[in-house]
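Undergrad: Just dropping this structure here.
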Amino acid sequence: MQYSELELKTMLKAGNLNIEEQIKYNILNFIRTIHLNKQDFIQESYHTEFYGELPMKFSKRAGQVMGLITVKVGDDERVYVFNDRGYELVDDLLQFK
């Protein structure tokens with residue numbers, strides 16, 4: 001999914017988000033923070049954890065082009081790759097058809 005400020009605002013107005021929408025919102029909001037802080041994505045490192053109903057971990061080393069997001073949904077763990085332009089579920093990237 002490509003980062004979109006409009007998408008983020010639309011989701012915020014909608015309220016009462018399901019799990020998929022919460023994941024999407026949290027990831028887009030994290031990317032938004034990168035933009036608001038005018039950070040150089042490649043030069044920065046990220047080691048951020050969200051706790052609560054939807055635990056999420058954002059990690060990236062300085063110099064890397066992509067980072068990883070780990071999301072715990074019940075007993076399931078999902079892994080996404082992200083940069084300052086968007087994110088994608090790793091399982092979707094690895095499907096070769």
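Undergrad: Relative contact order of region 44-91, please, whole-number percent, based on alpha carbon pairs below 8 angstrom and at least 6 residues apart.
TA: 24
Undergrad: Ranking 35, 47 by Cβ neighbours within 10 Å, fewest first, what do you get?
TA: With the fewest neighbours first, 35, 47 line up as 47, 35.
Undergrad: Related question: Among [x] 16, 51, 29, 4; [y] 14, 32, 31, 16, 7, 1; [z] 15, 49, 32, 5, find the value of P(r) over Cα pairs in 10 Å bins from 0, in percent that was calculated from the structure presented, and write down its label.
TA: Among [x] 16, 51, 29, 4; [y] 14, 32, 31, 16, 7, 1; [z] 15, 49, 32, 5, the one calculated here is [z].
Undergrad: Using the Karplus equation 6.51 cos²θ - 1.76 cosθ + 1.60 (θ = phi - 60°), what ³J(HN,Hα) coupling, rounded to whole Hz, does each residue of region 18-28 give in order, writing x for Gly and Pro?
TA: For region 18-28, the Karplus-derived couplings read 6, 4, 4, 5, 5, 4, 4, 4, 4, 5, 4 Hz, x marking Gly and Pro.
Undergrad: Relative contact order of the chain, please, whole-number percent, based on alpha carbon pairs below 8 angstrom and at least 6 residues apart.
TA: Once normalised by length, the contact order is 23 percent.
Undergrad: Pairs 9/57; 24/60; 13/57; 9/72; 24/57: which exceed 21 Å Cα-Cα?
TA: 9/57; 13/57; 9/72
Undergrad: Scan the chain for GluC sites (Glu not before Pro) in coil per DSSP, keeping those whose Cβ has at most 15 other Cβ atoms within 10 Å, and list them by number.
TA: The qualifying sites are 53.
Undergrad: Can you give the extra length, in nm with one decimal, that the chain gains between residue 5 and residue 65 once fully stretched, where that is 0.36 nm per residue apart less the Cα-Cα distance?
TA: Using 0.36 nm per residue and subtracting the Cα-Cα distance, I get 19.5 nm.
Undergrad: Can you compute the helix-only [θ] at 222 nm over the chain? Use -39500 (n - 2.57) per DSSP H run of at least 4 residues, normalise by all residues, nearest 500 deg cm²/dmol.
TA: For the chain, the value works out to -10000 deg cm²/dmol.
Undergrad: If we count every other residue with Cβ under 10 angstrom of residue 73's Cβ, Lys/Arg +1 and Asp/Glu -1, where does the sum land?
TA: It works out to a net charge of -3.
Throughout, read-outs are computed from the coordinates displayed, never taken from laboratory work. Bear in mind the structure is a predicted one, so any value in this text is a computation, not a measurement. Backbone-built Cβ (ideal geometry, glycine too); neighbour counts: all protein chains shown.
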